[in-house]
Every structure is written in C-alpha cells, then in structure tokens.
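Below you'll find the structure, written out as structure tokens, and then a few comments.
Read-outs: derived from the displayed coordinates by stated rules, not from any lab. Keep in mind the model is a prediction, meaning the values are calculated, not measured. Note that we place each Cβ from the backbone using ideal geometry, even for glycine, and neighbour counts take in every protein chain shown.
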Amino acid sequence: MDAIILLGAPGAGKGTVAGAVERETGYAHVSTGDLLRAALKAGTPVGLQAKAYMDAGELVPDDVILGIVRERLETAGPDGRVLFDGFPRTTVQAEQLAAVLAEQGGQVSHVFLLDVPEAVLIDRLAGRRVCRACGAVYHVRNIPPRVAGICDRCGGELFQRPDDTEETVRNRLVVYEQQTASLIEFYDARGLLVRIPAAGERSATEAAIVAQVTAG
Ligand code: AMP
C-alpha cells in the first residue's frame, strides 16, 4: 500500500486537483470530507455523529475518522495506491495512518503542501459551488459551469456547501492553523514534504504534482 497526501488549508484546491492526479497517476482519490458527506446523506451513525462538527467547521473526532479510513483502505487492498485529500488533519491521525500502513508493509511516499495565501483561500471557498449529484467542484468566477447552477458533467444542481458560508469558513481556517498546520513540520521532519505553489492556474498545480509522482 502506497499513500500520497494532499495537505493544505480549506480552499487550497486539494479536492479540485485530486481528480486530475487520480486520472493521470492511478492513485485512488480518498477524501474524508466526501466520505463523511456520503455517510450523512445515507443517514448512517457515523454521518449523524459527524454532522454537528462539520456544520460548525470543527474537526470530527479522530476515532471516527480513523474508523472510516480503515474501512476505505480495506477496499483498496494491500497493493492499493491511495491519494488522501483532507486526511490526516491532526498529529494523532498522521501517527495512526503510519501505523495502519506499516501493518500492511506500506508507507506514505509523498506529501504535497498546496501553498495558497489566506485572501485567495477565502475567495475560493466563498465562491465554491458543488454538484449535488456527482460532487464536481466549480467556482462562480474561476471555474464557472457552462450554464449557471448546472453541472457540466452530469446536469446535476450546483449548491453551496453549508460549511462554505463566511463565518464557518473563517472558523475552518482557524481550526486548520491550530490543529492541522503542525503536520507541515511533522512531514518535513520525515523528509516527505514537497511545497507546491497553488495560488495560480489549477493545471500548473496538477502538472507539478503529477510530475513528482511519476518521477517516483
Ligand atoms: P473537507 O471536505 O475536507 O473540507 O471536510 C469537511 C469537514 O469534514 C471538515 O470541516 C471536518 O468537519 C470534517 N473532516 C473531514 N476530514 C476530516 C479529518 N481528517 N479529520 C477531522 N474532520 C474531518
């Protein structure tokens, strides 16, 4: 099992670039946020447990997250190649991930930090729209759909995530600084961190990551 991690603040573009990286490298995109939103939609106990944290922009407890990640890794199998987006978000999660991978003789091979100034993050989150049906991500100005409010890919309805409102966005950025940013040092100390400037064109960010992954 080989894992790549996309690290960065909310709005850094992890979910947006993950699709292209998945297509071009074969690493399976695993977003813990998407897994939680699917659990919530399905009304599972995990989804119901996570809802209040997500609505407030707070982190869901580590044991809940590790449960869904373990379950997802079982589907990937021992030879799986996984691209994590939004996980790990705490040092406990990072340590547990290392332990789970080690059990299977696997490891984290790269950690890409998507580097974006805060003003750009806020603009991206406030303008973000997501397809209710397929989860495709748009931005009212930067990545507009061909027809306003409608997904180009599947014709689904675009909506604003409830946690993309300004107040929750600000809290998510504070939570990132307080609980997740320390992972930059954690992975840098292990020689795994690669900084990717990610405030510009999405295609440049994708190309930089794909080049590193394919170079090994
Ligand atoms: P995201 O789509 O990655 O922005 O995640 C949306 C929300 O889901 C976050 O604001 C958290 O409430 C929760 N969440 C997603 N991934 C994690 C994680 N690894 N640890 C804790 N909470 C998470």
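Descending by average beta-carbon neighbour count within 10 Å, the peptides 137-150, 104-117 line up as 104-117, 137-150, the highest first. Here the 3J(HN,Hα) profile of the range 199-216, calculated from phi with Karplus coefficients 6.51, -1.76 and 1.60 at θ = phi - 60°, is 8, x, 5, 4, 5, 5, 4, 4, 5, 5, 6, 4, 4, 5, 5, 6, 6, x Hz, Gly and Pro shown as x.
Overall shape: oblate for the range 154-216, with the ratio a/c of the largest to smallest alpha carbon gyration tensor axis at 1.5 or above and b/c at least equal to a/b. Under the rule of at least 5 residues apart or a separate chain, name every residue whose amide H is placed under 5 Å from the amide H of Val108. Hits under the 5 Å cutoff: Ala3.
At most 14 other Cβ atoms within 10 Å and a DSSP loop assignment: could you name the GluC sites (Glu not before Pro) in the range 94-197 that fit?
Numbers: sites: Glu95, Glu103, Glu118, Glu157, Glu166, Glu167, Glu177, Glu185; in loops: none.
Taking the range 94-197 and a limit of 14 other Cβ atoms within 10 Å, no loop GluC sites (Glu not before Pro) are found.
If you take the square roots of the eigenvalues of the alpha-carbon gyration tensor of the range 25-71 and sort them as a ≥ b ≥ c, do you get rounded (a/c under 1.5), prolate (a/b over b/c) or oblate? Can you show the working numbers first?
On the way: a/c = 1.76, a/b = 1.68, b/c = 1.05.
Here the range 25-71 falls in the prolate category.
Any chance you could check the Cα centroid distance between the range 53-103 and the range 105-180 for me, in angstrom? One Cα centre to the other: 20 Å. The amide H of Ala133, built 1.01 Å from its N in the peptide plane, has Glu157 as neighbours under 5 Å, considering only residues 5 or more places off or on other chains. Phi-derived couplings, Karplus 6.51 cos²θ - 1.76 cosθ + 1.60 at θ = phi - 60°, listed residue by residue for the range 12-22: 6, x, 4, x, 5, 7, 4, x, 5, 5, 4 Hz, with x used for Gly and Pro. Rounded to the nearest Hz, the phi-derived 3J(HN,Hα) couplings of the range 155-165 under the Karplus curve 6.51 cos²θ - 1.76 cosθ + 1.60 (θ = phi - 60°) are x, x, 7, 8, 9, 9, 4, x, 8, 9, 6, where x marks glycine and proline.
Size check on the range 72-216: the Cα extents along the three principal axes, sorted descending, read 47, 32, 27 Å. Here the label points at Thr44 and Asp62, each 7 Å from Cα along the C-beta direction, are separated by 2.2 nm in the simple model.
Only helical runs count toward this figure. For the chain, summing -39,500 (n - 2.57) over DSSP H runs of n ≥ 4 and dividing by all residues gives -15000 deg cm²/dmol at 222 nm.
Note on the chain: GNM, Cα springs under 10 Å; of Ala98, Ala50, Ala198, the largest mean-square fluctuation is that of Ala98. The H on the amide N of Ile150, modeled in the peptide plane, is under 5 Å from the matching H of Leu158, each at least 5 residues off or on a different chain. What the pair-distance distribution of the range 7-141 shows, using all Cα-Cα distances binned every 5 Å from zero, is 2, 9, 18, 22, 23, 17, 8, 2, 0 percent.
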